[in-house]
Amino acid sequence: MRLASIAVSALSLLACFAGEFNGTQAGYKVLPPITADNLTIFPVTASKTSDTSQFLTLDEGIRSRQVTVTEMGQTTGLVRPRFNDGVWRERPFPPLPPPQSGARVNQLALVNTSDQPLLLLAGEIVTGGKQDRVVGRDRIIPAHSEPIALDVFCVEPHRWTGASAQFGAPAFSMAQPSVRSKAMADRNQQEVWNEVAKSRAALAGSVPALQAREIESSSSYAAAVQNTEVKRQLDSIAAPIERSYQKLLEQLRVQNAVGAVVAVNGEMIWLDVFASPVLLQKYWPKLVRSYAAEALVPHVSPLIFIGPPAQERAQKFLERLYANHENVETEPGVYRNTEIQGDDFDAFFLTSLLPNTGFQIHIAKMKH
């Protein structure tokens, strides 16, 4: 698997990126907001969508055991089907060459044995192995792939012992935007750990002493979010928005709801947009809870919450992509991941290059 990475200067950015995305040209429209507590969600609709039925999500792959995630050097013995003389047969995978130090903090081994390409989103959490990890960047893994090295960041800094041979994907296992941004934009393990520590401390401070001690007894970000009292608080914010959004999806199905602009304390901080309403619905339960977790964490400089921001401002947040730097990473024939950097934001565009695709499958934008 060969990845090509290209940095593009500001002068060539307009030529390279002008046709890549424009909120107006793409037909994206921000709808009136849904608000719960200090979290505000602006649904995003699209004038046209793409067929994403061929793509498998990480949750679906792990649940069906067609996707396996292990520590590096532990893929020996896995099997995958092989088509030969009209018959599917099993053959062992060649093991990934184990690194000299064995398992690696920032790499896992992933195998996709399914008939579908696998979609991975930055911020998805896998638990188990020697420590819990979070996926570092959006990417696509082809069907029936050889074992690949998956770039990840640790979100459980104080454990390096085997909890299980393979990794799982617990329900609603998406890191909140502040943690996702450290993995996607900063690509710095220490920054991820710092943000995890900040988030865990905030979650512990939001619950009674007994539950706070449970959170503090483990360094696991996933365990903190799965704490019973934390989940209750997350649900108190997320559930009303989830119900309202689902009702809206039913009412506006013909308008193709494909994403959301996210605001906390009246400040727009994040954007997720997908190629189809089907993909949004698959990811929505874990996304809305990740947004709710962000709403529980106070900002370094708290803002006075004076109500939801204007719908027009959310539309501008969606459309404003004037940038001074672009970086493109491509796996030919599989995907292209484009990052653009502006004065106060980073945005990422995952484009599928598989046969009969050629469309942007996921867009994420974060405010600095």
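The values are calculated or read from the model by the stated rules, or taken from the named source; none is laboratory data. The shown structure was predicted, so the numbers you read here are calculated from the model rather than taken from an experiment. In this analysis, Cβ positions are derived from the backbone assuming ideal geometry, glycine residues included, and neighbour counts consider all displayed protein chains.
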In the stretch 190-225, what count of residues is obtained for those that are under 24 Å from the mean Cα position of the chain (by Cα), polar (S, T, N, Q) and surrounded by fewer than 18 Cβ atoms within 10 Å (Cβ to Cβ)? 3
Residue check: is A46 among the aliphatic types (A, V, I, L, M), within 23 Å of N337 (Cα to Cα) and at pLDDT 50 or above? yes
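Residues are listed down the side, and each one gets a yes or a no for (1) assigned to a strand (DSSP E or B); (2) buried (at least 22 other Cβ atoms within 10 Å of the Cβ); (3) outside the structural domain of N188 (by TED's automatic domain parsing):
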{"position": "D115", "(1), (2), (3)": "no, no, no"}
{"position": "L119", "(1), (2), (3)": "yes, yes, no"}
{"position": "A122", "(1), (2), (3)": "no, yes, no"}
{"position": "V126", "(1), (2), (3)": "yes, yes, no"}
{"position": "K130", "(1), (2), (3)": "no, no, no"}
{"position": "I140", "(1), (2), (3)": "yes, yes, no"}
{"position": "H144", "(1), (2), (3)": "no, no, no"}
{"position": "A149", "(1), (2), (3)": "yes, no, no"}
{"position": "F153", "(1), (2), (3)": "yes, yes, no"}
Against the conditions (1) touching a residue at least 12 places away in the same chain (Cβ under 8 Å); (2) over 19 Å from D59 (Cα atoms); (3) not assigned by TED's automatic domain parsing to the domain that holds S178, where does Q281 fall short? Just the number, please. (2)
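Tell me, please, whether a residue that is outside the structural domain of L296 (by TED's automatic domain parsing), assigned to a loop (DSSP other than H, G, I, E, B) and among the hydroxyl-bearing types (S, T, Y) can be found in the stretch 175-197.
Taking every residue of the stretch 175-197 in turn, none turns out to be outside the structural domain of L296 (by TED's automatic domain parsing), assigned to a loop (DSSP other than H, G, I, E, B) and among the hydroxyl-bearing types (S, T, Y).
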Taking the conditions exactly as written (modelled with pLDDT of 95 or more, in a loop (DSSP other than H, G, I, E, B) and more than 22 Å from E191 (Cβ to Cβ)), does L303 satisfy them or not? no
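Scan the stretch 342-368 residue by residue and report those that are part of a strand (DSSP E or B), of a type outside the set (F, W, Y) and modelled with pLDDT of 95 or more.
Across the stretch 342-368, the qualifying residues are D346, A347, L350, T351, S352, Q360, I361, H362, I363, A364, K365, M366.
Residue-by-condition table, conditions (1) at pLDDT below 55; (2) touching a strand residue (DSSP E or B) at 6+ places or on another chain (Cβ under 7 Å):
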| residue | (1), (2) |
| --- | --- |
| V8 | yes, yes |
| Q54 | no, no |
| V67 | no, yes |
| F93 | yes, yes |
The stretch 236-269 - residue that is part of a helix (DSSP H, G or I) and either closer than 19 Å to L121 by Cβ or in contact with a Cys (Cβ under 6 Å, 6 or more places away or on another chain) (or both) and, of those, modelled with the lowest pLDDT: Y245
Scope the stretch 258-295; condition acidic (D, E) and touching a helix residue (DSSP H, G or I) at 6+ places or on another chain (Cβ under 9 Å); matching residues: D272, E294
Which residues, taken from the stretch 270-300, are modelled with pLDDT under 90 and in a loop (DSSP other than H, G, I, E, B)? V297, P298, H299, V300
